[in-house]
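Report on one structure; see the data block that follows.
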Amino acid sequence: MTTTRFAPSPTGFLHIGNLRTALFNWVIARKSGGTFILRLDDTDPTRSTVEFADQIKRDLEWLGLTWDRVETQSSRLDRYNATADELRASGRLYECFETPVELDLKRKKQLNMRKPPVYDRSALALSDAEKDALRADRSGHWRFKLNRERIEWNDGILGDLSIDAASVSDPVLIRGDGQFLYTLASVCDDVDYGITDVVRGSDHVTNTATQIQIIEALGGVVPAFAHHSLLTGPQGEGLSKRLGTLALKDLREQGVEPMALLSHLARLGSSDPIELRQDMADLIEGFDLSRFGSAPTKFDVADLGPLSAKLLHSMDISRVQADLQALEIPDALATPFWEMARENIETRADLSALWALCRDGVVPVIDAEDVDFVAKALSLLPASPRSNTTWKEWTTAVKEATGRKGKGLFMPLRKALTGMEHGPDMSKLLPLLQNIGGR
């Protein structure tokens, strides 16, 4: 059975880049009837907060990306300590003492000699006495000793990949202050939780190579890996400086519809055209990881507005019932109101102004040359209740009484009733207007 995970750090808000990873892993799990785990990587006690963790959950729930269980890394420190001890015992985890400045000098020297800036493993040559002397001066950090051989795997998106471990520094798994870094904690979790598939950004390819060796050193089963392309801005620029405007909570506040956002990301960067999906089952059915490519993928937040509007225009009333109830629209008017409103809104927030128009009316907009015409027309307006045929019947009567036709007939009446030159179909709107000059 497929088991996937989404592993955000609760140190900030979820953004578009995070969501793409979450969506891919969620769809893979749901498509196979498997398990989707939300794993909070909260081992950084200074930056991880309950508030961010709660917001992550709210964002995922808003999108419908529900999880089967939640795991927190902060509750598993004993397990990571035991794993570290296991790696030490097998000779795969060794203590190092270089400071960041010393490591930087080593890298610069290697680069000047036209050598790859790979850690030289000098710590392995230290005697016990030398280690004791260094420990008295500074805290040691711990590196995983890679087998210097080629690491190969078939990537679900990028195809066959091969990385020479000799070209990669032994990764640091435990910092000098004792904090477990992502690599150790993540690998330990993936092994313990039986993760079968991992989908993440292409910036993790080198991490994947080293993690494969760590998984094997722990006797775990290596999952199937897939690395999706990274998102850029519409001009190919990096998103890092714009993530503050692309947080999911902000998109929600802007009125972006969840299924519009998910439909967009479920196809963006693939060889398939973007198609608006009506529900999760439809989205899952149309998803194919193998159709995605490796090239950086342009994302433009401006594309979400039209998609959201298009979704709303075709949406059944059952999906906006809560919004209509929140506006206190009487049950008898809810269906005709939605039939009128849905084609004239860009976001759900637009419903409020349309209901205010229906409930309270507006200050009429009447040009000087139309004052007498509008007064005559209003005198001919049928009293409530009105139907979808009332507008045609009324304007026909006004035309016969005044001789006006075309724009000269319809525009002054629309402006007098709605205060706008453009808007909803008047045959649908007129029966809903409850305050028209006392009629």
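In segment 260-292, which residues are touching a residue at least 60 places away in the same chain (Cβ under 8 Å), buried (at least 18 other Cβ atoms within 10 Å of the Cβ) and outside any loop (DSSP other than H, G, I, E, B)? Leu261, Leu262, Leu265, Met280, Leu283, Phe292 - these are the residues of segment 260-292 that are touching a residue at least 60 places away in the same chain (Cβ under 8 Å), buried (at least 18 other Cβ atoms within 10 Å of the Cβ) and outside any loop (DSSP other than H, G, I, E, B). Filtered by the rule that a residue be within 27 Å of the chain's Cα centre (by Cα) and in a helix (DSSP H, G or I), segment 193-224 gives Tyr193, Ser202, Asp203, His204, Val205, Thr206, Asn207, Thr208, Ala209, Gln211. Determine whether segment 26-33 contains at least one residue that is farther than 21 Å from Gly201 by Cα and either modelled with pLDDT of 95 or more or not assigned by TED's automatic domain parsing to the domain that holds His204 (or both). Checked against the condition, which is being farther than 21 Å from Gly201 by Cα and either modelled with pLDDT of 95 or more or not assigned by TED's automatic domain parsing to the domain that holds His204 (or both), segment 26-33 yields at least one hit.
The single residue among Arg47, Arg5, Arg58 that is outside any helix (DSSP H, G or I) and surrounded by fewer than 16 Cβ atoms within 10 Å (Cβ to Cβ) turns out to be Arg47. Hey, any hits in segment 289-296 for a residue that's more than 18 Å from Phe13 (Cα to Cα), touching an Asp or Glu at 6+ places or on another chain (Cβ under 6 Å) and not assigned by TED's automatic domain parsing to the domain that holds Asp160? Yes, that holds for at least one residue.
Taking segment 132-151 only, how many residues are surrounded by 15 or more Cβ atoms within 10 Å (Cβ to Cβ) and not in a strand (DSSP E or B)? Qualifying residue count, segment 132-151: 4. Counting residues in segment 371-389 that are in contact with a Gly (Cβ under 7 Å, 6 or more places away or on another chain), assigned to a helix (DSSP H, G or I) and outside the structural domain of Met420 (by TED's automatic domain parsing) gives zero. Please work out which one of (1) within 14 Å of Val362 (Cα to Cα); (2) at pLDDT 95 or above is the condition Gly423 fails and give its number. So Gly423 meets the others, but not (2). Can you confirm whether Ile157 is part of a loop (DSSP other than H, G, I, E, B), in contact (Cβ under 8 Å) with a residue 60 or more places away in the chain and under 33 Å from the mean Cα position of the chain (by Cα)? Answer is yes for this residue.
When Gly238, Gly159 are screened for being outside the structural domain of Leu77 (by TED's automatic domain parsing), surrounded by fewer than 18 Cβ atoms within 10 Å (Cβ to Cβ) and not hydroxyl-bearing (Ser, Thr, Tyr), only Gly238 passes.
Considering only residues in segment 297-320 that are surrounded by fewer than 14 Cβ atoms within 10 Å (Cβ to Cβ) and polar (S, T, N, Q), the one that is farthest from Met426 (Cα to Cα) turns out to be Ser318. Set side by side, the residues Val172, Val198, Val187 differ, and just one is closer than 20 Å to Thr83 by Cβ and in contact with an Asp or Glu (Cβ under 8 Å, 6 or more places away or on another chain), which is Val198.
The condition (being small (Gly, Ala, Ser), over 17 Å from Gly156 (Cβ atoms), in contact with a strand residue (DSSP E or B) (Cβ under 7 Å, 6 or more places away or on another chain) and surrounded by fewer than 17 Cβ atoms within 10 Å (Cβ to Cβ)) is satisfied by just one residue among Gly201, Gly194, Gly219: Gly194.
Return yes or no: is Thr210 farther than 20 Å from Ile37 by Cβ, at pLDDT 95 or above and either among the β-branched types (Val, Ile, Thr) or in contact with a helix residue (DSSP H, G or I) (Cβ under 8 Å, 6 or more places away or on another chain) (or both)?
Answer is yes for this residue.
A single member of Gly17, Gly12, Gly34 is surrounded by 14 or more Cβ atoms within 10 Å (Cβ to Cβ), out of contact with any Asp or Glu (no Cβ under 6 Å at 6 or more places or on another chain), closer than 18 Å to Thr196 by Cα and not basic (Lys, Arg), and it is Gly34.
Could you check, for segment 114-122, whether at least one of its residues is under 39 Å from the mean Cα position of the chain (by Cα), on the phi < 0 side of the Ramachandran plot, loosely packed, with under 13 Cβ neighbours inside 10 Å and assigned to a helix (DSSP H, G or I)? Within segment 114-122 (the criterion being under 39 Å from the mean Cα position of the chain (by Cα), on the phi < 0 side of the Ramachandran plot, loosely packed, with under 13 Cβ neighbours inside 10 Å and assigned to a helix (DSSP H, G or I)), the answer is no, since none of the residues qualifies. The listed residues are Ala309, Ala295, and the only one of them that is assigned to a helix (DSSP H, G or I) and aliphatic (A, V, I, L, M) turns out to be Ala309. Within segment 85-101, the set of residues being in a helix (DSSP H, G or I) and in contact with a helix residue (DSSP H, G or I) (Cβ under 7 Å, 6 or more places away or on another chain) comprises Leu87 only.
The values are calculated or read from the model by the stated rules, or taken from the named source; none is laboratory data. Computed from a predicted structure; not experimentally measured. When we count neighbours, we look across all protein chains shown, and the Cβ atoms used for this are built from the backbone with ideal geometry, even at glycine.
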